Amino acid sequence: MRGIPVARGRFRTLRWWANGGLIAVLLATPWVRFDGGEPLVLLDVPARKFHLFGLVIFPQELFFLWLVIASLALTLFFATALLGRMWCGYACPQTVFTDVFAWLERRIQGWRGSRAPRRVALWRRAATYLAWLGVSAIVAFHLVAYFVSPYEWPLRLAQGEIGTAGIFFAVLTVLAFVDFAYFRQTVCKTICPYARFQGVLFDRDTLVIAYDEARGEPRGKRGRAAGDCVDCTRCVQVCPSEIDIREGLQLECIACTHCIDACDDVMGRLGRPLGLIAYRSLASLSGVPGAGLVRPRTLIYGSLLAVVGLTLVTGVARRVPVGFEVFHNRNALSQISADGRTGNSFEMRVENRTREPNRYHLRLEAAPPGWELVAGSNPIALSPLETLRVPFFVLAPTDAPRGPRDIELVLEPENGSHSAVSRETSFIWMGGFHHGS
């Protein structure tokens, strides 16, 4: 535990509102259900379905998930080029929950204003750890809930079925406790990759937290130096990353704004203008005219984001409403039936990607006379968003030529709600294998 003085001011208030909103979204999202109980967000790995805000992504459509991730990454790049590390200061879960843990520490251990008590009673320390552990468990529970329904796995856990979800819950609880109780901003300084490549995303017009050296220097006691900085070191004392912002933009700065609020408080008490430390661009500090919002870096990120976003929207709009894959039965590739015909055993995987029940009919396309498709269930009935694996056979007549043969299978909806979907595969003869497409 570290007793870092807390800075109070307009940015601290703004960050508390941002923290509250983001925590509410994090905790509420796994519980939200719509359209007959479908989750708003659920990455259901065992069922091979990824629910994202009304879009259900199946394994064969993982490129949608990659497009979503690429869109989020480009949005972060674009925002960073404009606003610097605003994500770190206001939206990163590491920063948000570090604030929560530090607030609990101050409240339970009896801080007076921004000053830590000289001694902390044993019961207060124990209560602090228990509170941290409880928050860690809440965070871990909701992280697991993004992968396993929060309405289901706690019931199984109560019945003694620990399962994978229970193991992950325990591990994440421990990791969250150790992270937010001990490491905190050390993670931002030493582990987080975003801090490493932010320099590539910044330019001279990026908005950062910076010290106005021209106004503040030479620093010194009031009345003894010409600069506005009185060298009170409050900006250093409240910095969770333990840096001195007066030394310029640094890798460890997470744009938490503590230094701004601390400096504004001192300037206000001294009757001097606020903003000695403030949001500004490096160009403005140098007196160079800025390029504004439209500049090469923002144009590149914005264009890439628009392309990826348009690709995602177009792909979703044109997605095939049924998934259809055909596989050979590896245990019985080819066999002779009782009437002497050669048969191949197949299995098809059918995915109803719509929210309406449907029935699909499977047939051989342009099959020569005597070729026959045999399925135990045809047509195949699927519930909304259901996936089925259905075995079937294709039989070739006894007089069929034994040469290479590609066959085309067609799956079409009975209600004509969308176009038929076809797949090609190969027919295997006894004693030989032909590689089809």
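The values are calculated or read from the model by the stated rules, or taken from the named source; none is laboratory data. Given the structure is predicted, the values throughout are model-derived calculations rather than measurements. Reconstructed Cβ throughout: ideal geometry from the backbone, glycine too, with neighbour counts over all protein chains shown.
For Leu333, the criteria (1) within 30 Å of Glu347 (Cβ to Cβ); (2) of a type outside the set (Phe, Trp, Tyr); (3) in the same structural domain as Leu201 (by TED's automatic domain parsing) hold in every case but one, which is (3).
Go through region 375-397 and report how many residues are surrounded by 12 or more Cβ atoms within 10 Å (Cβ to Cβ), in contact with a strand residue (DSSP E or B) (Cβ under 8 Å, 6 or more places away or on another chain) and either closer than 23 Å to Asp339 by Cβ or not assigned by TED's automatic domain parsing to the domain that holds Gln335 (or both). Count: 8. Only one entry of Tyr129, Tyr151 meets the criterion of being part of a loop (DSSP other than H, G, I, E, B) and modelled with pLDDT of 90 or more, and that entry is Tyr151. Against the list (1) free of Cβ contacts under 8 Å to residues at least 24 places away in the same chain; (2) within 30 Å of Gly37 (Cβ to Cβ); (3) not aliphatic (A, V, I, L, M), the condition Arg124 fails is (2). Candidates are the residues of region 237-253 that are of a type in the set (A, V, I, L, M, F, W, C) and surrounded by 16 or more Cβ atoms within 10 Å (Cβ to Cβ); the one that is nearest to Arg115 (Cα to Cα) is Val238. The residues listed here are Ile138, Ile108, Ile167; of these, the one that is farther than 29 Å from Leu251 by Cα and touching a Ser or Thr at 6+ places or on another chain (Cβ under 6 Å) is Ile108.
Scan region 209-228 for residues that are surrounded by 13 or more Cβ atoms within 10 Å (Cβ to Cβ) and touching a residue at least 40 places away in the same chain (Cβ under 8 Å) and jot them down. Ile209, Ala210, Tyr211, Asp212, Glu213, Arg215, Gly216, Asp228 - these are the residues of region 209-228 that are surrounded by 13 or more Cβ atoms within 10 Å (Cβ to Cβ) and touching a residue at least 40 places away in the same chain (Cβ under 8 Å).
Of all residues in region 34-45, those satisfying the criterion of being more than 19 Å from the chain's Cα centre (by Cα) and not small (Gly, Ala, Ser) are Phe34, Asp35, Glu38.
Here is a check on your reading of the model: is Phe197 modelled with pLDDT under 90, among the aromatic types (Phe, Trp, Tyr), under 21 Å from the mean Cα position of the chain (by Cα) and assigned by TED's automatic domain parsing to the domain that holds Phe53? For Phe197, the condition - modelled with pLDDT under 90, among the aromatic types (Phe, Trp, Tyr), under 21 Å from the mean Cα position of the chain (by Cα) and assigned by TED's automatic domain parsing to the domain that holds Phe53 - is met. Evaluation of Gly416 against the conditions (1) within 27 Å of Leu52 (Cα to Cα); (2) out of contact with any His (no Cβ under 9 Å at 6 or more places or on another chain); (3) assigned to a loop (DSSP other than H, G, I, E, B) shows that the sole unmet condition is (1). Taking each residue of region 247-267 that is among the charged types (D, E, K, R) and looking for partners that are surrounded by 24 or more Cβ atoms within 10 Å (Cβ to Cβ) and in a helix (DSSP H, G or I) with beta-carbon atoms closer than 8 Å, six or more apart or interchain, yields Glu252/Cys188. So which residues in region 297-341 are in contact (Cβ under 8 Å) with a residue 40 or more places away in the chain, of a type in the set (A, V, I, L, M) and within 20 Å of Val68 (Cα to Cα)? Listed by number, the residues that qualify are Leu304, Leu305, Val308, Leu312, Val316, Val320. Considering region 32-75 alone, what residues qualify as being assigned to a helix (DSSP H, G or I) and either in contact with a Pro (Cβ under 8 Å, 6 or more places away or on another chain) or without any contact (Cβ under 8 Å) to a residue 40 or more places away in the chain (or both)? Correct list: Pro59, Leu62, Leu65, Trp66, Ile69, Leu72, Ala73. Just need a number here: residues in region 17-29 that are surrounded by 13 or more Cβ atoms within 10 Å (Cβ to Cβ) and under 27 Å from Tyr182 (Cβ atoms). Residues that pass the stated criteria total 7. For region 254-267: of the residues being of a type in the set (A, V, I, L, M) and closer than 20 Å to Cys88 by Cα, which is surrounded by the fewest Cβ atoms within 10 Å (Cβ to Cβ)? Residue satisfying both the conditions and the ranking: Ala255.
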